[in-house]
Structure formats: C-alpha cells, structure tokens
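Accompanying notes for the structure given below.
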Amino acid sequence: MNIDKSHILQLLKSQGDDAKAQQADSELPDQVDTEKDAGLLAKFGIDPMDLIKKFGGGKLGGLLG
C-alpha cells in the first residue's frame, strides 16, 4: 500500500518526535510503499501494519464488509 510521506511525517510529529520527522522527511520517498519501504519505516519506529490500519482502513473495511 502506498501512503503519502506527509501522513507519516504528521504521525511522527504528533508523537513529539520532530527530529525523527526531519530525518524521515529527507530519507523517505514522496510515496511510501509499506512493503518495499518497511525497513526505512522500522528505522523510524513505525510498523507498516499500523500505517495500513490508520490510513488504509476505509478501503479495507469496505472490502471486508
């Protein structure tokens, strides 16, 4: 699943981690693929499944019922 980098940066900032957000801004691509970029996400303490639940739940929920 692709997630816009701005959502990830917002998540990091909401956790009070501006330093990580700045580093992620320089290292993550504009569109983050939760599978392909899982290693980068882990570097910033982000679980790809958490992103999918938070930002992709509407699509999955529609498919599941």
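Go through region 38-59 and give me each residue that's in a helix (DSSP H, G or I) and charged (D, E, K, R). If you could, list the steps in order and put the result at the bottom.
From region 38-59, those in a helix (DSSP H, G or I) are 38-43, 48-59; that's our starting set.
Hits for region 38-59 are LYS43, ASP50, LYS53, LYS54, LYS59.
Counting only residues that are more than 16 Å from GLY56 (Cα to Cα), free of Cβ contacts under 8 Å to residues at least 12 places away in the same chain and assigned to a helix (DSSP H, G or I), how many does region 1-37 have?
Qualifying residue count, region 1-37: 6.
Read-outs throughout are calculated quantities, based only on the coordinates presented, and are distinct from any laboratory measurement. Remember, it's a predicted structure, so these values are computed and weren't measured experimentally. Virtual Cβ from ideal backbone geometry, glycine too; neighbours counted across all protein chains shown.
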